[in-house]
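Comments concern the structure below.
Throughout, read-outs are computed from the coordinates displayed, never taken from laboratory work. Treat the numbers as computed from the prediction; the structure is a model and nothing was measured. Cβ placement follows ideal geometry from the backbone for every residue including glycine, while neighbour counts extend to all protein chains displayed.
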Amino acid sequence: MLKKDNFWIALPEHFKRDVIGKLDYNSRCCLRMCSIDDQNLVDSCPVALKSVAIALGSSADIRITDGPLQLAHTSENEEDVVQAFLPIFKHHKSEIEKLEIVYYDEFCYNQNAIKSLVQELESLVVPVKREFPLKVYKFQWYCHSKCYPKETFQRILNCIDPTRLESIYIHDPVLFERNSEIPKKVGICRKEIFIANPVSFSDLLMSADKFSVKLKSWNADNVANVIKAFLARDPPIGSSFDISALNKILVTDIFKKCNVRPKDEPMTGQ
């Protein structure tokens, strides 16, 4: 008869994988801490999560939503938070509906954590097989620091699977000012790009045949410039774009900027 402690050890590996596949993420983490073998076994099984949010800089924490279950981990040691984040992506088929990365370091006290996060993610990329560690559908990037390396955003995007990405939300007051060559890879996002207060991003969006952009604040000049740039590159049949802003923009003003005379009076004030 098997001892109680040896019951799990003696089970066939394929059965263990089936069990792990039915566990919630918190139970997976508990099992992962039992032994090196269990850690390797859990890491070899994909996981699907609703959302993951990691915050680094002045504070460090990670929040995970797995169905109705919500987990949170806060630590004074940022590296602990990074290491709690990485196991999610150990399996190349793991997926997250929404990934949120927040970096707040207004006084530039600590840049090591964000550097460590990027380096660890890059180590999981398998370029030959085109396997990307971040299978993410919605990516949100919040940065409140003038000190982080300007290529950080680009490097994180390079870790995202382009076949999954549907939505990007960027809130970074200095990203567009410091890096005029915003990563063209944002163009892989075919459905929705939300950029809060960009300086200029017309060229950024010109690689997509269809895109939707939601902005915090914009004006008729900005809209007209994107329309002209989009038409100037002779897009293929079926191409389209949708631009909206939280502030009010008169359609008549856009027509004037584009030298277009409407056949009918457009509806305003709606």
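Summary of computed values
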read-out: Protection proxy ranking of 154-161, 251-258 - average other beta-carbon atoms within 10 Å, highest first; value: 154-161, 251-258
read-out: Whole-angstrom Cα spans of the range 55-135 along principal axes, big to small; value: 40, 33, 17
read-out: I237 paired with E76, simple spin-label distance in nm, labels 7 Å along Cα-to-beta-carbon; value: 6.7
